[in-house]
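See structure below.
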Amino acid sequence: MAGFALYPAIDLRRGRCVRLEKGMAERETVYGEDPAAVAAGFAEAGAEWIHVVDLDAAFGDGSNRPLIRTLAATPGVRVQTGGGLRTEADLEEVLDAGAARAVIGTAAIENPELVRAAVRRWGADRIAVGLDARGRRPAARGWVQESGTDLFDLAKALVDSGVRTIIHTDIERDGMMMGPNLDLSAELAAHAGAEVIVSGGMRGIQDVRAVAAAAREGRGIAGAIMGRAIYEGAVDVAEALRAAR
């Protein structure tokens, strides 16, 4: 991954564009009935990447795979997608559908061999691991189960198996617009030797500038995911993308 990238986010639930607070399904806000139009708007604003999460698949309640195929065909952008990718067949489906990168979450904790096999088959550029945690306590299965492992130890083991990109989500900040846990993300990058994409809590331009500065300072930050701040109108996507560059 070259440089720093800002990833506008699209979280899919029942075919709609939503955001959750702290990953809780019962705390959902619907922001759009047409995710394809949202993706096109991000592309028009200058986004090079879009981060797409299939919440239905993450919760084991269906999937939005056909819609992900549509989003991956959005001209001018690459799609990074995760949520419910727990087998090699799942990964093959989304990558063959046009996703540029697949994000393994729960399976990275429960089935590390899948991660190793995926990196061997598709390469580290197309496979990322999503580590979602409360502090240093990783969570899985739509964030409802804590793994009992240490975040830093888990990340180091995954990097040793070939992973290069980790998406670190601070669950307590996700969807809360209280600022990212940048120091913990940078510490994770240093400990594991990974490129870390920051997720959770991004509020606006000040946070975009902070994570971009951390990237320039060599702290292992490769990008940031921004969702609710965009949908709530706290930040203009085009302006945020300019700040990220």
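For the pair Ala190 and Ala25 in one chain, pulling the backbone fully straight at 0.36 nm per residue adds 56.1 nm over the alpha carbon distance.
Hey, any idea what % of the stretch 82-217's accessible area is carbon plus sulfur with a 1.4 Å probe? The computed percentage sits at 45. For the chain, the solvent-accessible area with a 1.4 angstrom probe is 40 square angstrom per residue. Evaluated with a Cβ-only charge set (Lys, Arg +1; Asp, Glu -1), the stretch 196-245 carries a dipole of roughly 140 debye about its Cα centre, given to the nearest 20.
Could you tell me how far the Cα centroid of the stretch 213-233 sits from the Cα centroid of the stretch 54-84, in Å? Rounded to whole Å, the Cα centres lie 21 Å apart. When a/c is below 1.5 the answer is rounded, else prolate if a/b is larger than b/c, else oblate, so apply that to the stretch 62-102 with a ≥ b ≥ c taken from the square roots of the Cα gyration tensor eigenvalues. Judged from the Cα gyration tensor, the stretch 62-102 comes out prolate (a/c at least 1.5, a/b above b/c). Relative contact order of the chain, taken over Cα pairs closer than 8 Å and 6 or more residues apart, is 19 percent.
Averaging the sequence gap over all C-alpha pairs within less than 8 Å and six or more residues apart, then dividing by the number of residues, gives the stretch 202-245 a relative contact order of 50 percent. Once you have a ≥ b ≥ c as the square roots of the Cα gyration tensor eigenvalues for the stretch 1-132, tell me rounded if a/c is under 1.5, and otherwise prolate or oblate according to whether a/b is larger than b/c. Because a/c hits 1.5 or more and a/b fails to exceed b/c, the stretch 1-132 counts as oblate. Annotation for the stretch 1-89: trypsin sites (Lys or Arg not before Pro) lying in DSSP loop with at most 16 further Cβ atoms inside 10 Å of their Cβ are Arg14, Lys22.
Each other residue within a Cβ distance under 13 Å of Gly98 adds +1 if Lys or Arg and -1 if Asp or Glu, for a net charge of +2. For the stretch 28-158, the relative contact order comes to 18 percent (Cα pairs under 8 Å, sequence separation of at least 6).
Each residue was assigned an accessible area with a 1.4 Å probe, and for Asp34 the value is about 80 Å².
Taking a Cβ cut-off of under 15 Å around Gly204, the surrounding Lys, Arg, Asp and Glu residues balance to a net charge of +1, with basic ones at +1 and acidic ones at -1. Applying a DSSP loop filter and a limit of 12 other Cβ atoms within 10 Å to the GluC sites (Glu not before Pro) in the stretch 1-84 leaves Glu33.
With a cut-off of 14 Å between beta carbons, the residues surrounding Gln80 carry a summed charge of -1, where Lys and Arg count +1 and Asp and Glu -1. Is the C-alpha gyration tensor of the stretch 125-245 telling us rounded, prolate or oblate? Criteria: a/c under 1.5 is rounded; beyond that, a/b larger than b/c is prolate, otherwise oblate. In terms of gyration-tensor shape, oblate.
Hull volume per residue, based on the alpha-carbon atoms of the chain and their convex hull, is 102 Å³.
The values are calculated or read from the model by the stated rules, or taken from the named source; none is laboratory data. All values derive from a computational prediction rather than experimental measurement. Cβ: placed from backbone, ideal geometry, glycine included. Neighbour counts: every protein chain shown. These accessible areas exclude ligands, DNA and RNA; they are computed on the full protein's heavy atoms, side chains included. Shrake-Rupley method; radii C 1.70, N 1.55, O 1.52, S 1.80 Å.
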